[in-house]
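The values are calculated or read from the model by the stated rules, or taken from the named source; none is laboratory data. Every value quoted in this text rests on a predicted model; they were computed, and no experiment measured them. In this analysis, Cβ positions are derived from the backbone assuming ideal geometry, glycine residues included, and neighbour counts consider all displayed protein chains.
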Amino acid sequence: MAIHVECLCAKYVAVIKFAEAILTGGNLNFPSDPDNIVVMREDIDQTLLNESEDLSDLCMACGNKYPYTDDKVDTWIECDSCSGWYHWDCMSRPSIEEVFICPGCQGPL
């Protein structure tokens, strides 16, 4: 099974590196031995981390910074299990005095 996963990973790395080379006008020839695949995968990982937007100020339910409410209430509530933040309105205004567990941590009902 490990060989299959490594092979699949190498294919994905190659596809991403080819796409990058085409978009940037870079060299389409690159070494594909296992050690270089690991280095290229780490490079891809680092690029994704560096180029990604900070999502920590977005509601984990609706994905927005501000809730869509008529009364403009901008109250947030934190899940006591995963520490994710949610608009109070998006969670149907649960009690802020009680333990709050988000739907993702509650699992299927």
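Annotations
- Qualifying residue in region 40-60 (condition: out of contact with any Gly (no Cβ under 6 Å at 6 or more places or on another chain), surrounded by 12 or more Cβ atoms within 10 Å (Cβ to Cβ) and farther than 30 Å from Tyr12 by Cβ): yes
- Near pairs, Cβ below 6 angstrom, 6+ apart or cross-chain, from region 35-58 (more than 20 Å from Phe18 (Cα to Cα)) to any residue that is loosely packed, with under 13 Cβ neighbours inside 10 Å and of a type outside the set (Ser, Thr, Tyr): Asp57/Lys65; Leu58/Lys65
- Taking region 15-57 as the range and being under 30 Å from Glu78 (Cβ atoms) and not in a loop (DSSP other than H, G, I, E, B) as the test, the residues that pass are Asp45, Gln46, Leu48, Leu49, Asn50, Glu51.
- Flag for Phe100 being at pLDDT 90 or above, assigned to a loop (DSSP other than H, G, I, E, B) and surrounded by 13 or more Cβ atoms within 10 Å (Cβ to Cβ): yes
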